[in-house]
Each structure stands twice: as C-alpha cells, then as structure tokens.
Amino acid sequence: MILGAIEISLRSTRFSISEVSGRSVTRIVERSHGVTTGVEGLDRISALIMSEVEFARDQGADRVEVTAVPTLRGSRLVRLLDRVTDAVGVGQIRIPTRRDWSAACFLGVTVPAGDSLPDRVAVAAIGETAIGFAVGAPGEIPDWIGSRPVGASTMTRKARFQDPPRPGQLEAAIIGASRGIASMYPPESDRVFVVSHLAPVVERLCGPRIGPEEARKGLDSILGQTSEDISAWFGAEPALSRHLPGIIVGHAALAEGLGVRVEPAMSDLAASRHWLAEREGLVAGQGQA
C-alpha cells in the first residue's frame with residue numbers, strides 16, 4: 001500500500017510518501033518545510049497540509065496521516081489545525097506518546113532488516129525534545145522503553161548553543177546528556193541503532209559505528225560552521241541543520257552513557273506507524289480470543 005505522512009514538529013513540517021508492505025518500505029517522496037510552529041504559522045502550515053494531502057492522493061496514497069510532536073499536545077495551534085485536517089478528510093492530528101514514538105521507531109529500523117539482526121537490539125530515537133530508547137526482539141513490539149528529555153533542540157537550548165556552537169558548549173551538552181542517558185539503565189542488547197533525520201550526515205561525519213571519540217571527531221569537523229554552512233554543505237534545510245550538533249551530541253551521549261558503540265539509522269514515519277498499529281492490533285485480537 002502507499003502511505004502518506006505529515007509530521008508537524010517545532011521547527012519544520014515534514015512530508016513523505018512511501019510504499020509499504022509487511023516487511024519492506026520504499027520511499028517515494030520526502031521533503032521538509034522550515035516553519036516554526038505557533039499560531040503565527042497557522043496559515044502557512046494549513047496551506048502545506050492541504051497541498052501535500054492533495055499531492056499524496058494524486059500519487060495514489062491509500063491513507064495520509066498527520067502527526068504532531070508531543071510538545072504540541074493541547075496547543076491552540078493543533079486545535080485550529082484539526083479543522084483543516086478534518087476539512088481535507090484525513091481526520092484529526094495524531095500526537096503519539098513518547099512510548100508509541102519509541103516503539104514505532106524500533107519497528108521502523110528492525111522490520112526491514114529481517115533476519116539479519118541478533119536476538120536483542122536497541123533503537124534510540126533522537127527527537128527535538130527527547131531521546132526515546134527501546135529494546136526488544138527485532139520486528140516485534142519492544143518489551144522495554146524509556147526516554148530522557150535530552151533531544152536535539154533541548155540540548156541546544158540548555159547548553160546555550162551559539163550558531164556555530166563553541167567547543168565548551170558542546171562538551172557541556174555531552175556531559176549533561178550522557179548522565180541522563182546513563183540513568184535509564186536499559187537491559188543489555190547486542191546492537192544499538194540511533195534514528196535521526198540526519199542519520200546519513202552523521203554516518204558521513206562520524207562513521208557507521210560511533211563511540212564517544214568518533215562522535216567528538218564528527219563535532220570537530222563542523223566546528224565553526226553555521227547552520228547555513230551545514231545546510232549548503234549537506235543539502236539539509238537550515239532549521240534541521242541547526243540541530244546537527246545536538247544530534248551528534250546525542251550519539252556521543254548514548255555511546256558514553258551506555259558504554260557502547262551506536263549505529264546511525266533511518267526509520268520511515270509512515271511505515272513505522274503502520275507496523276506498530278498492525279502489531280498492536282494482533283496483540284489486541286489475541287487478548288480478545
């Protein structure tokens with residue numbers, strides 16, 4: 001089936017269309033629009049939703065889901081945008097809990113990998129305001145989930161990152177975030193994957209298996225680079241490029257706080273949420289039997 005997804009976050013609105021099967025996903029279209037959430041952005045986000053939903057239907061999408069990050073739960077913006085999503089026939093905006101977000105990212109990484117993974121893996125997801133962490137058997141709903149409020153935007157704000165951030169600010173962010181990560185005490189796993197929107201960039205800068213030293217080398221390679229420089233260098237939108245230092249700090253904190261090497265990974269939004277709903281439905285059906 002062909003699924004469309006629109007995700008409203010604090011600094012951007014992302015859109016994708018993917019062809020999803022029971023075990024695989026093929027991305028058809030992906031784009032991001034830099035727009036800060038707030039009532040002042042209502043008209044622009046409304047226009048984006050209407051145009052992207054129409055585009056997705058033109059491409060044969062069976063379903064389009066609109067989601068928003070947990071920080072926007074109960075906001076006036078979401079209440080107003082619900083009228084727009086109802087009007088275009090995609091229902092109200094879904095706001096996943098951090099648990100659902102972490103579980104969906106876990107499936108988004110492990111389902112396509114199939115039998116190539118060991119029996120127990122972990123998937124961390126670096127969001128704007130939090131890092132989610134899930135551990136379990138590949139392709140199944142994870143049996144352990146935790147999170148810490150050390151997302152890319154949160155770390156940027158707490159460490160008072162300038163643009164570009166200074167070395168002392170980056171190191172302070174790593175120390176603070178690694179302490180938070182270490183306090184989760186997750187169960188052991190054979191491999192740890194880290195999902196972010198800039199996973200290919202992180203892998204290019206830090207390598208495919210990242211420890212604290214590799215993460216710091218990646219940060220060193222972009223020292224002195226503004227978000228506009230990074231955007232031009234890697235072709236990412238400026239709003240997301242500003243989060244690259246915080247995302248790499250997240251990898252460093254996970255590696256340091258857990259004492260492991262981590263691997264950058266991607267998770268398709270539409271596919272991951274479809275697989276989670278599918279498996280939750282199977283569990284519910286078994287419970288009713």
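Brief remarks on what is shown
- Residue-wise HN-Hα coupling along the range 222-227, computed from phi with Karplus coefficients 6.51, -1.76, 1.60 (Hz; x: Gly, Pro): 10, 4, x, 8, 6, 4
- Among 196, 153, 221, residue whose mean-square fluctuation peaks in a GNM of the chain (springs only between Cα atoms under 10 Å): 221
- Comparing 182, 87, 173 in a Gaussian network model of the chain (Cα springs below 10 Å), the most mobile by mean-square fluctuation is 87.
- Rg over Rh for the range 47-87 works out to 1.02, both radii taken from alpha-carbon positions and Rh defined as the Kirkwood radius.
- Over the range 2-68 - Rg/Rh using Cα atoms and the Kirkwood inverse-distance radius: 1.00
- Equivalent-ellipsoid semi-axes of the range 150-283, from the Cα gyration tensor, Å, largest first: 25, 19, 14
- Amide H to amide H distances under 5 Å link residue 144 with 135, where only residues 5 or more positions off or on other chains count and H is placed in the peptide plane.
- Gain in span if fully extended, residue 79 to residue 97, counting 0.36 nm per residue against the direct Cα distance: 4.7 nm
- Most mobile listed residue (117, 244, 219) in the chain, GNM with C-alpha springs under 10 Å: 117
- Compared with the rule-of-thumb size 2.2 N^0.38 Å for a compact globular protein, the chain has a Cα radius of gyration ratio of 0.98.
- Karplus-based coupling profile of the range 30-37, in residue order and whole Hz: 8, 7, 10, 10, x, 8, 6, 6, with θ = phi - 60° in 6.51 cos²θ - 1.76 cosθ + 1.60 and x standing for Gly or Pro.
- Every Cα-Cα pair in the range 22-136 was counted, and those over 17 Å apart are 65% of them.
- Taking every DSSP beta bridge that has both ends in the chain, the antiparallel portion is near 65%.
- Amide H to amide H, with H built 1.01 Å from N, residue 28 comes under 5 Å of 17, 18, 19, counting only residues 5 or more places away or on other chains.
- Distant-in-sequence amide H partners of residue 64 (H built 1.01 Å from N, under 5 Å): 4
- Carbon-plus-sulfur accessible fraction, the chain (probe radius 1.4 Å, protein heavy atoms only): 49%.
- Each residue of the range 188-195 was assigned a 3J(HN,Hα) from its phi angle through the Karplus curve 6.51 cos²θ - 1.76 cosθ + 1.60 (θ = phi - 60°); the sequence is 5, 9, 7, 9, 10, 9, 10, 8 Hz, with glycine and proline shown as x.
The values are calculated or read from the model by the stated rules, or taken from the named source; none is laboratory data. Not measured: the values here are computed from a predicted model. Areas reflect the complete protein model, heavy atoms only, side chains present, ligands, DNA and RNA absent. Shrake-Rupley method; radii C 1.70, N 1.55, O 1.52, S 1.80 Å.
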